[in-house]
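Nothing in this text is a laboratory measurement; each read-out follows from the coordinates by a stated rule. Quick caveat, the model's predicted, so the values are computed rather than measured. In this analysis, Cβ positions are derived from the backbone assuming ideal geometry, glycine residues included, and neighbour counts consider all displayed protein chains.
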Amino acid sequence: MGEEVRKHPIIICRCRDVTLDDVLKAIDEGCEDLECIKRRLGLGMGPCQGRTCIPLVIGIMARRLGKKPDELLIPKPRAPVTPIPVSLLLKSVDVKVEGEGGDENA
Ligand code: FES
């Protein structure tokens, strides 16, 4: 990967318009794992959720940092927030919920 001046940017993340130059600059400025690149550039956070760009960035980082691709941290998937009924929360603070034995006329 040379440092030549490119006439046209090389797009790494099509969803978020992140270029190869953006990725290389982030690495040179201290990003040494995917989480850092993701937070800094928004890469991998588009509609495809990084299916295209994450494998490319792993390869770029591995070459730039002299590491094996499997040494680089993969961003941890976060479980989606699961809705829970409010009554479940109220039980923990000992509040009577309408329809569960509470006095409806009080
Ligand atoms: S190409 Fe990067 S998130 Fe879709």
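Structure values in brief
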quantity: Relative contact order (%) - criterion: Cα under 8 Å, at least six apart; region: segment 11-71; calculated: 33
quantity: Debye equation applied to the C-alpha atoms of segment 11-71, log10 I(q)/I(0) at 0.26, 0.28, 0.30 Å⁻¹; calculated: -1.10, -1.27, -1.43
quantity: Cα-centre dipole for segment 11-71 with unit charges at Cβ (Lys and Arg positive, Asp and Glu negative), debye to 20; calculated: 180
quantity: Cβ crowding within 10 Å averaged over residues, with 37-49, 81-93 ranked highest first; calculated: 37-49, 81-93
quantity: Dipole of segment 11-71, positive direction: furthest Cα of Leu20, Ala62, Gly46, with charges on the beta-carbon; calculated: Gly46
